[in-house]
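Coordinate-derived values only; no laboratory data. Bear in mind the structure is a predicted one, so any value in this text is a computation, not a measurement. Backbone-built Cβ (ideal geometry, glycine too); neighbour counts: all protein chains shown.
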Amino acid sequence: MPELSGIEVVERLRKLEPTPAVIFTTAFDQYAVTAFELEAIDYLLKPFGTRRFLAALERTRSVIELRGVLPPSTAPARSFRRGRTRLVIASSCVTATLS
């Protein structure tokens, strides 16, 4: 990231209410402890596979549901497909499926 590191971005995001759920994706393992200290949901080391990515998304969705802070979505969902993976992004959650 040109201006801020991912860690710095998450430090700023933690000031929001509700705190966003964050998954780090990086090639550097030395920041993992700091990421979890900042309450990251997961930390994916590149290269990672589709199944690992989907597991991280599912874990994130579970955490968001447990927090009980899913806001109502007013924006239309966007859908992307790459190979066998379909990613649906709405303002309140992300859903991924592997077909």
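I'd like the trypsin sites (Lys or Arg not before Pro) in the range 2-73 restricted to DSSP loop residues with at most 13 other Cβ atoms within 10 Å, sorted by number.
Working: sites: ARG12, ARG14, LYS15, ARG51, ARG52, ARG59, ARG61, ARG67; in loops: ARG14, LYS15.
Counting only loop positions with at most 13 other Cβ atoms within 10 Å, the trypsin sites (Lys or Arg not before Pro) in the range 2-73 are ARG14, LYS15.
Quick one: length gained pulling GLU3 to THR34 fully straight, 0.36 nm per residue minus the C-alpha distance?
Numbers: separation 31, 0.36 × 31 = 11.16 nm, distance 1.90 nm.
Here the segment from GLU3 to THR34 would lengthen by 9.3 nm.
Within 12 Å, Cβ to Cβ, of LEU4, how many net charges do the neighbouring residues add up to if Lys/Arg are +1 and Asp/Glu are -1? Walk me through the numbers before you get to the answer.
Details: positive: ARG12; negative: GLU3, GLU8, GLU11.
Every neighbour counted, the sum reads -2.
What is the spin-label model distance, in nm, from ARG59 to LEU44 if the labels are put 7 Å beyond Cα along the C-beta direction?
For ARG59 paired with LEU44, the spin-label model returns 1.1 nm.
Under the 0.36 nm per residue contour assumption, what length would be gained going from the current alpha-carbon distance of LEU13 and ARG84 to full extension? Before the final figure, lay out the partial values.
Details: separation 71, 0.36 × 71 = 25.56 nm, distance 3.20 nm.
Computed gain between LEU13 and ARG84 is 22.4 nm.
Which whole-angstrom value gives the distance between the alpha carbon centres of the range 22-48 and the range 7-21?
Taking the Cα centre of each part, the range 22-48 and the range 7-21 sit 15 Å apart.
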